[in-house]
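The values are calculated or read from the model by the stated rules, or taken from the named source; none is laboratory data. Here the structure is a predicted model, which is why all the values come from computation and not from measurement. When we count neighbours, we look across all protein chains shown, and the Cβ atoms used for this are built from the backbone with ideal geometry, even at glycine.
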Amino acid sequence: MIGGIKILIKCFILSLKIRDRDKFQFMNKLESYLAPQDLLKDRVILITGAGQGLGRAAALTYANYGATVILHGRKVEKLERVYDEIEAIGKAQALIYPLNLERAEDKDFVVIAQAIEQQLGRLDGILHNAAFLYGLIPIENQTVEQWRAMLQVNLITPFALTKACLPLLKAASDASVIMTSSSHGHKPSAYWGGFTVAKAGIEALVKVQADEWETIPSLRINTIVPGIVNSPQRAKTHPGEIKQTMRQPEDLMTTYLYLMGPDSKGVSGQTVFCQSNE
């Protein structure tokens with residue numbers, strides 16, 4: 001019996017080493033990836049939480065590589081600023097779609113999909129970037145209302161919006177869905193509570209959806225883990241950090257481009273880290 005346990009332990013350790021090796025090789029591939037300037041030409045991409053931080057950086061990057069970008073967020077004034085920045089690039093079109101995800105229901109996501117179909121006629125990708133966190137609070141001090149809000153924005157919305165847009169995604173010749181997790185969703189730790197549970201759920205959701213889409217080669221879905229980055233969310237949870245010493249959202253865009261563009265075709269169900277130290 002003891003010999004059998006030793007074999008199991010050795011197999012488990014070997015499995016961990018293989019996963020670490022594969023992750024290292026994949027990270028090296030991403031670090032050397034150079035996206036062609038027309039990578040996203042003629043594609044329509046929906047980005048949630050596009051008014052600031054990583055969402056804004058992704059919107060500007062995707063537009064710079066040729067995509068028509070649909071900007072989602074809560075605050076119209078922030079979306080309008082990003083819209084103006086995209087207009088200044090002069091390469092692609094942008095549209096604004098404000099919606100408070102915390103209160104959104106099935107019908108609201110269906111309306112988004114219908115609006116995209118009516119105005120643009122297609123959808124080639126979704127970046128689920130919107131996130132909501134109350135702050136770092138012990139679980140015993142978190143409320144049911146707070147959990148509902150965090151699960152709604154961070155987990156239920158990516159599921160529901162993808163579901164509503166699925167007919168459009170299936171009609172595309174090459175479609176990519178990116179869902180955003182976090183370091184604390186991948187490795188849960190104290191005080192992150194409902195946020196960490198929702199982000200862990202994202203990784204499970206992506207694997208389930210990738211399995212269900214296995215017979216649809218034109219569709220893929222992956223999880224992205226940005227890591228420590230200078231963003232409004234990071235400033236909220238770590239207000240004392242020196243922003244200038246942190247990675248900036250623009251520094252991570254190679255990974256966002258790779259996963260959204262056609263070069264990642266065949267990569268699905270994966271959890272992809274933007275930073276090798278995660």
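Overview of values
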{"item": "Filter result (out of contact with any Pro (no Cβ under 9 Å at 6 or more places or on another chain), of a type outside the set (A, V, I, L, M, F, W, C) and part of a loop (DSSP other than H, G, I, E, B)) within segment 182-215", "result": "Lys187, Pro188, Ser189, Glu214, Thr215"}
{"item": "Pairs where the first residue, in segment 30-42, is at positive phi and the second is surrounded by 11 or more Cβ atoms within 10 Å (Cβ to Cβ) and not in a loop (DSSP other than H, G, I, E, B), C-beta under 9 Å, 6+ apart", "result": "Asp42/Thr68"}
{"item": "Any hit, segment 35-49, residues being touching a Lys or Arg at 6+ places or on another chain (Cβ under 6 Å), part of a helix (DSSP H, G or I), modelled with pLDDT of 95 or more and not aromatic (Phe, Trp, Tyr)", "result": "no"}
{"item": "Residue identified as out of contact with any Leu (no Cβ under 7 Å at 6 or more places or on another chain), of a type outside the set (Gly, Ala, Ser), at pLDDT 95 or above and surrounded by 15 or more Cβ atoms within 10 Å (Cβ to Cβ) among Arg247, Arg234, Arg220", "result": "Arg220"}
{"item": "Residues satisfying the stated conditions in segment 178-201, i.e. among the aliphatic types (A, V, I, L, M) and in contact with a helix residue (DSSP H, G or I) (Cβ under 6 Å, 6 or more places away or on another chain)", "result": "Ile178, Met179, Ala198, Ala200"}
{"item": "All positions within segment 113-132 that are under 19 Å from the mean Cα position of the chain (by Cα) and closer than 25 Å to Ser268 by Cα", "result": "Ala113, Leu123, Asp124, Gly125, Ile126, Leu127, His128, Asn129, Ala130, Ala131"}
{"item": "Output for segment 57-104, where each listed residue is of a type in the set (Asp, Glu) and over 18 Å from the mean Cα position of the chain (by Cα)", "result": "Glu77, Glu80, Asp84, Glu85, Glu87"}
{"item": "Subset tally (residues that are exposed (fewer than 13 other Cβ atoms within 10 Å of the Cβ) and in contact with a strand residue (DSSP E or B) (Cβ under 9 Å, 6 or more places away or on another chain)) for segment 34-49", "result": "1"}
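Yes/no per residue for (1) at pLDDT 95 or above; (2) under 27 Å from Leu219 (Cα atoms); (3) of a type outside the set (Lys, Arg):
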site	(1), (2), (3)
Asp174	yes, yes, yes
Ser182	no, yes, yes
Gly185	no, yes, yes
Pro188	no, no, yes
Tyr191	no, no, yes
Phe195	no, no, yes
